[in-house]
Amino acid sequence: MNTIFKIIGRYTIRSSSHNFTISSLRKASSMPHNVPKLKDQSLLKTNVAYVNGEWVKAQSGKTFEPEDPSSGKIIGHVPEFDAADTQKAIDAAYAAFPSFKTTTGRERSKMLRKWFDLMMENAEDLATIITWENGKPLTDAKGEVTSAANFFEWFSEEAPRCYGDTIPASIPGNRIVTIKEPIGVCGLITPWNFPAAMITRKIGPAFAAGCTVVAKSPGETPFTALAIAELGHRVGIPKGVINIISSLDKTPEVGELMTTSPIIKKVSFTGSTGVGKLLMKQGSSTLKKFSFELGGNAPFIVFDDADLDMAVAGAVASKFRSSGQTCVCANRIYVQSTIYDSFAEKLAAKVKEFKVGGGYTEGVTHGPLIHDRAISKVDAHVRDAEKKGAKVIQGGQKLPDLGSNFFQPTIITGMTSEMDLASEETFGPVAGLFKFETEDEVVKLANDSEVGLAGYFFSRDLQRIYRVAEDLEVGMVGVNTGLISDPVSPFGGVKESGFGREGSMYGIGEYQTIKSITYGGMGQPLQR
Ligand SMILES: NC(=O)c1ccc[n+]([C@@H]2O[C@H](COP(=O)([O-])OP(=O)(O)OC[C@H]3O[C@@H](n4cnc5c(N)ncnc54)[C@H](O)[C@@H]3O)[C@@H](O)[C@H]2O)c1
Ligand SMILES: O=CCCC(=O)O
């Protein structure tokens, strides 16, 4: 194959305590595009972003080119928005807010419901786009479309039910009521691992609350967000209410504007802890309200009283979903010493059954990682563990014959706390198995982390189940299950995994303020 390497998209983010260099070393292929067929080709928006109800280009005319992680081929061109372009989107959202906030919950509910319906009607095309730009197998992509649309359905049901309270006052004659108001223009920033669900999980509640939004799509996977915007356009969402912008190299300046603009009242961010810290620092100048869904390092504990087959199935689901690229993926798998070898053996047997390949290929269970940086991190974690005495019992290697972003689903035994995987989120298909002896010891190990997003454990001892679920320092616990994502369940973390909750009955509150109104001189006797 005639390929050349070039660096596109390189930027450095600096804060006093963190330096990050995000560079994209991408394969530019001279092979022709391999364009998957869509039933409705107009869902694939190239060269344009969605601002004020219109499809627009960047003022500079600049674009960037996301690539299919399976083949390395360019998918299409996307506008490189800078601060000036972003300001136009913010202004549009600001202009739309006064009118949109006066719509009734029922009106917003109907629009969201219609948007949900259109997503489901176009599920196949949306899934095709997700697989194309993210790489996940088509079956997983279809599952993501349903889960993404479910956020619109759920919040369409919440929109008409934004109740306030009546509160008995301490002062005679005073009457207090509270009303919930939309916070205003919101800035939303989402990652590439769920190109549809991460964005609908934010737009759904913001829209239901009556907020207008500027959403920056992920540089790696902007096309799904744009297709969802197109469906919103067909719903007839008023212009300026939803604005979807895109950037790659200009991301830091776009992020800086979103976090410092006095117009934007709230930023909801899903991504890495490092970028979250930077955004929060920037946002302090306007005391912005934030929600942060950040990185995790999930402990997954198997006690010796667990149903072993159930625990293996849970580990497969939690560790290897999206090839290990979800923020709630098990990262440290702790297995009690008496069952350690049999668990490892059973897990290896299941993982051997995986079929790795391109997301459109029939029977493929696991796709590529998103880019070369992800591959490098995964490889580094495996090599580091090996160097420090662990043993790779399954996989452990890149799969260059499939493409440069493929890695074997991997199982490592003999893991210890000194290995990099113990303290860093791998975000890839590597299951590192740690041995433990007692409950007390493993809970301490599990909590020995700066982050606390999800945690899992398997046991059949009822008292232990209550005890450990309450002892784990995380925002979400899976007991005897490896799958905890559900639009009706509050999603979010503690410690440096962030704050705020998405989905559920709490999700809409992130986009509202509570106003209390005190009425004086009420309840006085009638003057006759
Ligand atoms: N807690 C959750 O719900 C959740 C969900 C998915 C991913 N994540 C986390 O996200 C990370 C993986 O995603 P990633 O590597 O793409 O994260 P990332 O932080 O690099 O990027 C996430 C988003 O932030 C944008 N971004 C990057 N720098 C920015 C800046 N200076 N200003 C504004 N926006 C900026 C990116 O373009 C992208 O849209 C992992 O740590 C994972 O755990 C968390
Ligand atoms: O990466 C985020 C996880 C999303 C989910 O599990 O629904």
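The values are calculated or read from the model by the stated rules, or taken from the named source; none is laboratory data. Here the structure is a predicted model, which means the values were calculated and not measured. Positions of Cβ are backbone-derived with ideal geometry, glycine not excepted, and every protein chain shown enters the neighbour counts. Ligands, DNA and RNA are excluded from the accessible area calculation, which covers all protein heavy atoms including side chains. Shrake-Rupley method; radii C 1.70, N 1.55, O 1.52, S 1.80 Å.
Overview of results
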read-out	value
Accessible area expressed per residue, the stretch 191-347, with surrounding protein chains retained (probe 1.4 Å, Å²)	24 Å²
Long-range amide H partners of Gly478 with built H, under 5 Å	Gly455, Tyr456, Phe457
Per residue value of the accessible surface for the stretch 360-499 (all protein chains in place, 1.4 Å probe), Å²	45 Å²
Equivalent-ellipsoid semi-axes of the stretch 261-314, from the Cα gyration tensor, Å, largest first	40, 10, 8
Sequence of Glu441, Glu353 from largest to smallest accessible area, 1.4 Å probe	Glu353, Glu441
Cβ-placed point charges (K, R +1; D, E -1), dipole of the chain about Cα centre in debye, nearest 20	1600 debye
Nonlocal amide H pairs with Asp82, under 5 Å, H built at 1.01 Å	Gln59
The chain, relative contact order [Cα under 8 Å, separation at least 6], %	17 percent
Solvent-accessible surface ranking, highest first, for Glu386, Glu362, Glu133 at 1.4 angstrom	Glu362, Glu386, Glu133
Fraction of accessible area attributable to carbon and sulfur, the chain (%, probe 1.4 Å)	53 percent
Residue-level accessible surface for Thr273, protein heavy atoms, 1.4 Å, Å²	30 Å²
Principal axes of the chain: Cα extent on each, largest first, Å	88, 60, 46
Residues with amide H under 5 Å from that of Gln512, placed H, sequence gap 5 or more	Ile183
Listed residue (Gly255, Gly236, Gly271) projecting farthest to the positive dipole end of the stretch 213-276, Cβ model	Gly236
Computed helical MRE - 222 nm, the chain, DSSP H runs ≥ 4 contributing -39500 (n - 2.57), nearest 500	-11000 deg cm²/dmol
Cross-link table Lys355/Lys444; Lys142/Lys239; Lys57/Lys515; Lys277/Lys319, entries beyond 31 Å C-alpha to C-alpha	Lys355/Lys444; Lys57/Lys515
Cα-Cα over 29 Å, subset of Lys37/Lys62; Lys398/Lys495; Lys202/Lys250	Lys398/Lys495
